[in-house]
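The values are calculated or read from the model by the stated rules, or taken from the named source; none is laboratory data. Because the structure is predicted, anything quoted here is derived from the model rather than measured. Reconstructed Cβ throughout: ideal geometry from the backbone, glycine too, with neighbour counts over all protein chains shown.
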Amino acid sequence: MIGAKDLGALLDTLCPMFVLVDDTGRISQVGPTLQKLRPRTPMAGQNFLDIFELLRPRSITALPALLSTPGTKLHLRFQDAPQTAFKGLIAPLPCGGGAVVNLSFGISILDAVRDYALTSADFSGTDLAVELLYLVEAKSAAMAASRSLNLRLQGAKLAAEEQAYTDTLTGLKNRRAMDHLLGHLISMKSSFALMHLDLDFFKSVNDRLGHAAGDYVLQQAAKIMLEETRNDDTVARVGGDEFVLIFKGMTDLEKLSGIAGRLIAHLCEPMQFEGSACGISASIGIALSTQFDEPKAMDILHAADLALYAAKRNGRARHRFYSELSDAGHTD
Amino acid sequence: MHGLINRAIQSFVCATYGRQCWLRATRAAGLDFDEFEAMLIYEADISARLLDVLCADLKRPKSEFLEDLGTYLVSHPNMEDLRRLLRFGGVTYVEFLHSLDDLSDRVRLAVSDLKLPDLELQEFSPAEYRLHCFAGLPGYSSVMTGVLRAMADDYGALVILSNDGGKGEAEVISIRLIESAFAEGRHFDLGARKS
């Protein structure tokens, strides 16, 4: 039968993280890699459970009890810091008088190589530790490349969405954005006011002075609308010279009247394009979401539309509320 | 062609000859973009066109250009990740040479759609080796010559390399190891981690 010394030499080569214990649980020999983890505390001569804390199986508090259950998978860690975790397997010596406990880092390998400056030479030739470390690094590098691609795609997606929601001539939101916002406000049951604004005499500017002048007027009108509204309000160009303004959380008729009046006054101020006067004005119809028991985007837009045409019939450059119309409250 | 390979060419050209040179080449090669994505796959003829244009622009033979690319992949600070992955191959230069037999499998383990040609090392004596680079990626043996040269420096080994070109189905690189511990070599810490 092989002697304890020869056995130790054999284990040094095959599993450099072994512990040889006697039947009282005292360590008689440890592998070089394991000893390297605690260079100032020789482990031989100490009690196994003074150095290692047994996490599982929990029922066992003394080593001799383990010797009677060979093949049990052990979960251990160092008693002192850093409390590196180990997986272990216990095999009693065939002739009695102790056991071999073979330890491995398991998943704690990543911290262990760093904490203890381990090298390839510290692992046995058949140990997959170095392959595992290789794989972790290789996968991290591949993942980093994928993540940077994802970030760039995400940025491109946001830019494309922004573009899809923007009216390129004026920089205002477009009809799509308005539809989206209306749907959102209604699903959140938020109250809001909606203005439908139509520029008066825009067609005549276009016909008289050309498209460049028309474009200029639209851009100036957009600027005025942004100036006269709050940051939270939404201004969308929904047709050639038609705009929709949405005021979230605003249902005060007096305030809305004030805003509509200022918008019209401002838009009626004379504009100059390359020396030619291009006078326009604006008419506004206003509807409130609170006027509907079950607000629908289509109904609110239709109501604002009715109010707008009433304003136009009344002689342009003015605003009307849907609630003032004779058929208010009857959505058809 | 895998984006990682195109990206390697881009990174090498930008770091060595400057971004202007790279932009000139992408235009001359008729590309409508100038950034390769590492994790996308591109048509093979894009890379071939780019290499032709670059070598013409820089007035350098393709084999030399590709060998410098191989050296860059190991020795430039940009490529520290790759150098580390190669160093996992072994503790000594000779161990590293032997690990090349598994290189294409190792690469596939990390990036499953990156298929590099097989390599096979033949040992004639402890100081004489031949590396067979099989077909699949034109110019691969030139790149590997640069990689082997730079890895020798990394391990501190003194070697003489010659790319003997095609022999049968494989291109062959002859490696003569003059001294395995000629210089200090660069440090390799198994547990080094990016902060």
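Return yes when B:L85 is free of Cβ contacts under 8 Å to residues at least 24 places away in the same chain, more than 26 Å from B:D164 (Cα to Cα), in contact with a helix residue (DSSP H, G or I) (Cβ under 8 Å, 6 or more places away or on another chain) and in a helix (DSSP H, G or I) and no when it is not. Against the criterion (free of Cβ contacts under 8 Å to residues at least 24 places away in the same chain, more than 26 Å from B:D164 (Cα to Cα), in contact with a helix residue (DSSP H, G or I) (Cβ under 8 Å, 6 or more places away or on another chain) and in a helix (DSSP H, G or I)), B:L85 does not qualify. When A:G106 is tested against the conditions (1) loosely packed, with under 12 Cβ neighbours inside 10 Å; (2) under 30 Å from A:F52 (Cβ atoms); (3) away from chain B (no Cβ under 14 Å), the lone failure is (1).
Taken together, the residues in region B:134-144 that are within 12 Å of the chain's Cα centre (by Cα), within 21 Å of B:H98 (Cβ to Cβ) and not hydroxyl-bearing (S, T, Y) amount to 2. Among the residues of this structure, A:A144 does not count as one that is surrounded by 18 or more Cβ atoms within 10 Å (Cβ to Cβ), not assigned by TED's automatic domain parsing to the domain that holds A:R40 and not acidic (D, E).
The sole residue among B:D57, B:D32, B:D105, B:D45 that is surrounded by 14 or more Cβ atoms within 10 Å (Cβ to Cβ) and of a type in the set (D, E) is B:D57.
Restricting attention to region B:139-195, the residues that are aliphatic (A, V, I, L, M) and within 14 Å of chain A (Cβ to nearest Cβ) add up to 2. When region B:93-111 is limited to residues that are over 17 Å from the mean Cα position of the chain (by Cα) and at the interface with chain A (Cβ under 10 Å from one of its Cβ atoms), the one that is modelled with the lowest pLDDT turns out to be B:L109.
Consider region A:118-130 and keep the residues that are within 7 Å of another protein chain (Cβ to nearest Cβ) and within 23 Å of A:A81 (Cβ to Cβ). The one that is modelled with the lowest pLDDT is A:T119. Scanning region B:132-181 for residues that are farther than 14 Å from B:L121 by Cβ and among the basic types (K, R) yields B:R149, B:K167.
When region A:10-67 is examined, which residues are found to be among the charged types (D, E, K, R) and free of Cβ contacts under 8 Å to residues at least 12 places away in the same chain?
First, the residues of region A:10-67 that are among the charged types (D, E, K, R): A:12, A:22-23, A:26, A:36, A:38, A:40, A:50, A:53, A:56, A:58.
Listed by number, the residues that qualify are A:R40, A:R58.
The residues on offer are A:I300, A:I264, A:I286, and the sole one that is hydrophobic (A, V, I, L, M, F, W, C) and outside any helix (DSSP H, G or I) is A:I286. May I ask you to list the residues in region A:218-247 that are in a helix (DSSP H, G or I) and either touching a residue at least 24 places away in the same chain (Cβ under 8 Å) or in contact with a strand residue (DSSP E or B) (Cβ under 8 Å, 6 or more places away or on another chain) (or both)? Hits for region A:218-247 are A:L218, A:Q219, A:Q220, A:A221, A:A222, A:I224, A:M225, A:L226, A:E227. Taken together, A:G261, A:G210, A:G214, A:G239 contain a single residue that is closer than 19 Å to A:Y165 by Cβ and of a type in the set (G, A, S), which is A:G239.
Identification of helices (runs of 4 or more DSSP H) wholly contained in region A:118-217 with 1 or more residues that are farther than 30 Å from A:H266 by Cα yields A:129-164, A:175-187.
Screening region A:147-180 for residues that are surrounded by 13 or more Cβ atoms within 10 Å (Cβ to Cβ) and within 11 Å of chain B (Cβ to nearest Cβ) and picking the one that is nearest to B:M79 (Cα to Cα) gives A:S148. When you check A:E254 against the structure, is it under 24 Å from A:S190 (Cβ atoms) and out of contact with any strand residue (DSSP E or B) (no Cβ under 9 Å at 6 or more places or on another chain), yes or no? Considered against the rule, which asks whether it is under 24 Å from A:S190 (Cβ atoms) and out of contact with any strand residue (DSSP E or B) (no Cβ under 9 Å at 6 or more places or on another chain), A:E254 comes out as yes.
Against the numbered list (1) within 26 Å of A:V113 (Cβ to Cβ); (2) assigned by TED's automatic domain parsing to the domain that holds B:I41; (3) aliphatic (A, V, I, L, M), B:L54 comes up short only at (1). Within region B:1-28, the set of residues being in contact (Cβ under 8 Å) with a residue 40 or more places away in the chain, within 14 Å of chain A (Cβ to nearest Cβ) and not β-branched (V, I, T) comprises B:H2, B:L4, B:N6, B:A8, B:S11. Number of residues in region B:112-125 that are more than 14 Å from chain A (Cβ to nearest Cβ), under 18 Å from B:N6 (Cβ atoms) and in contact with a Leu (Cβ under 7 Å, 6 or more places away or on another chain) equals 1. Whenever a residue of region A:131-145 is at the interface with chain B (Cβ under 7 Å from one of its Cβ atoms), it has no partner that is polar (S, T, N, Q) lying with C-beta atoms less than 8 angstrom away and at least six residues away or across chains.
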